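Data first, discussion second: the structure below is written as structure tokens.
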Amino acid sequence: MTCPSCRQELPSTARFCSSCGTPCAGPAAAPAPAPVAPPAEDERKPVTVLFCDLVGSTALSGVLDPETLRAVTLRYFEAMSAQIVARGGTPEKFIGDAVMAVFGVPVVREDDARRALAAALGMRRALHALNEELYASLGIRLTTRVGVNTGQVVAGSDATARQALVSGEVVNIAARLEQNAGPGEILIGPQTLLAAGPTVTAEPTGPLQLKGKRDSVEAYQLLALGADDPELLRRFDAPFVGRTAEQDALERSLDETVREGRPGLLRVTGEAGIGKTRLVREWLTRRSGAGAFAYGAGRCRTYGDHGTLAPLADAVRALLPHAQAPGDEATDDAMALLTGGLLRDGTPNAPFEDMCAALTVVLKRTARDRPVVLVFDDWHAAAPLLARTVDRLTGDAGPARVLVICAGRPEEAQGTRAADQRRGHLQLTGLPREEAARLAAGLARLDGRPAPADDRLLARAEGNPLYLEQLLVDDGTATASTSEGELPPTLQALLGARIGALARAERGVVDLAAVIGREFAAAELVRLELSVRTAEQPGAVTGYGNGTIATGQGNEAVVTGQAPGDRRRVDEALAALTLRRLVEPAPSGAGEPSAYRFSSGLVHEVAYASLSKRAKAERHAWAAELPSVLRTGDGAVGGHLERAYRYRTELGLLDDRARLLRDRAAAALGRAGAQAAARSDLHWAHGLLERAVELRPEAAGALLGLGEVRVALGRVEQGAELLRHVRDLDHAPVEAAHARLALAVLDPAARPGPAATARAVLPVFEAAGDAVGRARAHLRLAQQLQQSGRHEEAERDHARALEHAVAAGAEPERAGALGAIGISLWRGPVPVPDAVERCRALLAAHGSGRPTVRVTLNCPLAVLYGLQDRAGDAYACLAEAERLAGKLGFAEAKVFLPVFRATVEALLGRGAEALALLGRADAAARRMGAAGMRTAVALDAARLELDAGHRNRAAGWLASIGDASELSRADAVDLEGLRARLAARTRPDEALHHADRAVRASLLTDSPLVQAAAELDRAHTLAALDRTSAAEAAARSAGAHFAGKGHLPGTRRVAAFLAAHTGPAAMATTSTTREGS
């Protein structure tokens, strides 16, 4: 059996632990009834593996008699094993003359790497002592070589197994390191060096090409192992940050102890690395330096050559210069008693009561002049006898004016029980984000890395200074850490040790919770446990569907009922885990009355990483059926099913169950991706759909969605390739119709064009009841009418597109329809004041909680405000649209947002700013291959350049426009008018021809803006030809169109033209016309 306190192996008849003195259950004790524990299963854990082999053993066999050689070999094995066991290692196997040992099996300890290195050095010293005897008696000397490596292995979790049978690459590398070591050398791997801490002295040997490894391995020759004091292992060189309130709490505890004239006890607890030792040491250094008190400190250790009360002895020895007083007989007697045992080697040499009385006398004498503080670090490792002694010293009969500070982790269960109710407790939590950022910056400066830590690294560390230190060391920079990065071995061992030390029931709950996620509910742990337990019964075959388990006899049992004993067992385990600060109640609003979460994301990471792939596969499959997962949606369900499938395939289990998991996962992820795309969450949609397609490459719906999302994200060619593949699928006519329409929109110049394609596929969508498809088709039909300048006719298809988009709950289609309506309100015949009100009403009705809608409606609304000279309102709309578009990730926003802002800037008279924006838009459109967008940009830029008198630049923009026959009617009118103005000086007949064509074409539209632009271009052309009267008439016609629309900048441009080319009389006529309108 093992000691319940220190886990030392004991004889079955032991009543007390020979190491720490803890009472153990005797053979006559009746075993407490307990539920049948599930069978032990393999687990993944961080360990350190040590190989030690004799050098030249073959030569020995030719010198020694076989019996003598066997005796020598057994003595060698015994000496080496003793060093391994003394430091908590497990000699796993003996292979010929080699010893293989594992540190971390059956129990992971945070300092396994240091223990292994200490064992390796101890083995070398033990061999030296053995060689002295062997040389004296047989004239021989033995030589060894050692290899040590650290990393993740798979190991059996049954502590009673005689051999743990660890496996993995870590074992192979350790063996290869040993084979490459020279006689007497100890070679260690890079992860061992990192895990053992900065006090290791080692020399790099250079990269080694190890047998069986493609890549070389960095190796180091171990020279020495320094002390394990926290000040040496941790970054105490960094500036101390924060903890003002905690230092005040220490100060208050000391003040109360002195003021009340009694002994004091303060328990400082917190998870590993939270800063308990640093806090207390900073306080001691600051206060004791002024002579305010005397203090002594000791550290509790779980292994090593030291007495049970060694920490107390260390603390008292530090006080001895203050304890002596001439003629104090009582103190002399007490010191004589303590010096004979406790102060000599940390072991008691007197009855417990006498020892405590002597300690009280000495401490009273020391505290007579000034208060005394005793500090015990790592109190969670304190032996029961030490805890009992401290409890006595801080009781009512203890020495006054003595404060005892016990700093440890929350897993401490023994000691100070009686004092818990009457003494202080200081619980440390993580540093606030601002202070953590300051600490990270300080560490970066010390390491010559000026960059501050980014938010992801700070979030992952969650305010724990040690986590932050190690993540920075592991990352190598202060900014590039990611949530997906593998944890450094120090943190794997640290957190793995806390999890590995749990009792079976608590560990079982942690394992189940790790699969559910960071947050979980007690009821769901019971449900998941029942599912797994039932599936493990002989003859059970899991179906992974609708929460059923089909037995070999054809019966079906739905996993529902939770026996009271099951729930009670889980609640008790969660209560114990809460005390150990591994889990905590979830914040309010988590949705469950008994919701919990892991105390940190790193604890969850390590707990999950410790599960075997088989366990993950089974439990993820069942977790997909949990109510909370189902409520979260298809993304969560698909994630669990996907992991279940992938772990099964990694184990080579490509059976019907794996295929069922794959199909269900792909379907769920595809639905989740479609839902995300419908909410315009493009990046999330892309990830979900990509995973769905990876699972089921032939799934038409997921392929279609992925192609559409890639196009929206600007990955046009990749998206088009997928769309072409879907278009050619015979078994998916609806998806093929969507792909045809999407490809037509991507290349509107190709025949038959978007509108004709929409008319062709609309019956397919109607027959299938596909609301999204109908919305898209009607939107393309409406856009054809818009491009023809027939905005009123387009209104019917706009309304139908919006109706179907709303019915489908598709935000992109709703936003597309509303954006098109907004464009018609701007470009069409509706007067600006009415258009503004309608646009604002649409935004109020459809914009709440729909960022894409707000982007597409704010853009035309900004232009409408610009037509009214409302610059502040226009800029506010653009700012909101740009802020939301930045979050959504639509690639085309990099084109249309600068175009809309350029339009507003031009309306407000800021032509230079507008041209700069159009240049940006053109560059973005060129990168995207969006030829249609580049045409619109070129026309706007050419007009601005021409208005500014830059004829050559305007001509350059127009030259970039391709085939004019493919232009929309509005663009064609613009092109004709601009060509007329450019040709007026040198080719008058051609100029008049272009101007007349522009005006005639504009009359086929219902857009006052198109008609006004054509008339004003004609007026500029006529004026250049000195036909003043005709130019005046054309300008007045343009002014009438602008005035009828309510286009204030346009009416000002007409007035400026008339003032420049005609005279005051014409200006007066124009002013009267505008006022009448």
Computed about the Cα centre, the charge dipole of the range 42-218 from +1 Lys/Arg and -1 Asp/Glu charges at the Cβ has a magnitude in debye, to the nearest 20, of 100
For the table 45/211; 213/613; 211/616; 93/211, the rows whose alpha-carbon distance is greater than 28 Å are 211/616
Nearest-0.05 FRET efficiency for residue 926 and residue 751 at R0 = 22 Å, using Cβ-Cβ distance, is 0.35
Placing each pseudo-label 7 Å from Cα in the direction of the beta carbon, residue 456 and residue 728 end up separated by a distance in nanometres of 3.8
PRE zone check, label point 7 Å out along Cα-to-Cβ of residue 330, amide N under 17 Å, scope the range 239-277, hits 261-263
So for the range 919-1016, using the alpha carbon gyration tensor with a ≥ b ≥ c as root eigenvalues (a/c under 1.5 gives rounded; past that, a/b versus b/c decides prolate or oblate), I'd call it oblate
In whole angstrom, the spacing between the Cα centers of the range 956-1024 and the range 81-137 equals 92
Of all DSSP beta bridges having both residues in the chain, the percent classed as antiparallel (nearest 5) is 70
For the residue 614, residue 248 Cβ pair and Förster radius 45 Å, calculated FRET efficiency rounded to 0.05 is 0.30
When the charge dipole of the range 658-700 is computed with +1 at the Cβ of Lys and Arg and -1 at the Cβ of Asp and Glu, the Cα pointing farthest to the positive end, of 665, 685, 695, is that of 665
By the mean-Cβ-within-10 Å protection proxy, highest first, 525-533, 845-853 rank as 525-533, 845-853
By the C-alpha gyration tensor axes a ≥ b ≥ c (rounded if a/c is under 1.5, else prolate when a/b exceeds b/c, else oblate), the shape of the range 798-944 is oblate
Residue 966 and residue 317 label points (each 7 Å along its Cα→Cβ direction) are spaced in nm at 8.9
Note: residue 140 to residue 259 extended length (0.36 nm per residue) minus current alpha-carbon separation gives 35.9 nm
Whole-Å distance linking the alpha carbon centroid of the range 658-701 with that of the range 814-841 is 36
If every Lys and Arg gets +1 and every Asp and Glu gets -1 at its Cβ, then about the Cα centre the chain yields a dipole, in debye to the nearest 20, of 1400
Labelled set (i) 247; (ii) 353; (iii) 227; volume of the Cα convex hull per residue in Å³ computed from this model equals the value at (i)
Among 223, 832, 959, the residue whose Cα sits farthest towards the positive end of the charge dipole of the chain (+1 at Cβ of Lys and Arg, -1 at Cβ of Asp and Glu, taken about the Cα centre) is 832
Computed over the range 243-422, the relative contact order (Cα-Cα under 8 Å, seq sep at least six) in percent reads 32
Checked the range 89-138 with the C-alpha gyration tensor, a ≥ b ≥ c its square-rooted eigenvalues, rounded below a/c of 1.5, otherwise prolate if a/b is larger than b/c and oblate if not; verdict oblate
Plugging the Cβ-Cβ distance of residue 876 and residue 172 into 1/(1 + (r/R0)^6) at R0 = 56 Å yields, to the nearest 0.05, a FRET efficiency of 0.30
Between the alpha carbon centres of the range 604-638 and the range 234-267 the gap in Å comes to 43
From DSSP H assignment alone, runs of 4+ in the chain each adding -39500 (n - 2.57), the sum over residues rounded to the nearest 500 puts [θ] at 222 nm at -18500 deg cm²/dmol
Percent relative contact order for the chain, counting Cα pairs under 8 Å at least six residues apart, stands at 6
Length gained if residue 199 through residue 578 is fully extended, taking 0.36 nm per residue and subtracting the Cα-Cα distance, is 133.1 nm
Residue span residue 803 to residue 990: 0.36 nm per residue of separation minus Cα-Cα distance leaves a gain in nm of 62.6 nm
Ranked output for segments 134-145, 898-909 by mean other Cβ atoms within 10 Å, highest leading, reads 898-909, 134-145
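Only the coordinates and a few stated rules stand behind these numbers; no lab work does. The structure displayed is predicted, hence computed values, not measured ones. For neighbour counting, all protein chains shown are included, and Cβ atoms are generated from backbone atoms with ideal geometry for every residue, glycine included.
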